[in-house]
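Report on the structure given below.
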Amino acid sequence: MTQKNWFNLTVSPSLYCRYAYIDLGDHLADSLFRRQNISVKFEQEFSNKVSPYRLIICKVLPWHREGFLKAVEQLPNKMNLLGFNDYQDFCREYLNDTENWLTGSLRTA
């Protein structure tokens with residue numbers, strides 16, 4: 001099983017499925033989304049000066065959900081091929097805390 005590099009932000013039924021995932025400033029996932037023939041609407045991007053990685057928040061139509069998940073699950077392989085060998089460690093270290101913080105703040109907003 002590969003390390004998860006995304007999480008679901010959808011808290012109630014809506015027109016879109018909202019997700020957050022870890023990517024680079026060069027948006028490597030974009031080509032994976034195109035390969036899956038899906039449309040992704042980007043909402044926010046969070047970065048810091050210490051790391052090349054960014055937390056991307058986006059939304060996809062429900063019928064693009066499966067393609068989105070296939071694309072982000074291919075992202076760790078693409079990162080490794082390009083020399084970002086610490087990508088999965090970064091996801092493991094930061095994603096759980098970020099998911100807990102974001103989903104908690106979205107539910108109280």
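Before moving on, here are some points about what is shown:
- Taking 0.36 nm per residue of sequence separation and removing the Cα-Cα distance, the Glu93/Trp63 pair yields an extension gain of 7.7 nm.
- Sum of side-chain charges, Arg34 neighbourhood, beta-carbon under 15 Å (Lys, Arg +1; Asp, Glu -1): +1
- Largest to smallest accessible area among Val40, Val72 [probe 1.4 Å]: Val40, Val72
- Charge dipole magnitude, Cβ of K and R +1, D and E -1 - the chain, Cα centre, debye nearest 20: 340 debye
- For the stretch 6-50: rounded, prolate or oblate by the Cα gyration tensor [a/c cutoff 1.5]: oblate
- Under 17 Å, Cα to Cα: Lys pairs in the chain, sequence gap 8 or more or different chains: 6
- Within-13-Å neighbourhood charge of Asn77 [Cβ basis; K, R +1; D, E -1]: +2
- Computed over the stretch 1-83, the P(r) tail beyond 17 angstrom holds 44 percent of alpha carbon pairs.
The values are calculated or read from the model by the stated rules, or taken from the named source; none is laboratory data. Bear in mind the structure is a predicted one, so any value in this text is a computation, not a measurement. Methodologically, a virtual Cβ is constructed for each residue, glycine included, from the backbone with ideal geometry; neighbour enumeration extends over all protein chains shown. When the accessible area is computed, the model is the full protein with side chains, heavy atoms only, and any ligands, DNA or RNA have been set aside. Shrake-Rupley method; radii C 1.70, N 1.55, O 1.52, S 1.80 Å.
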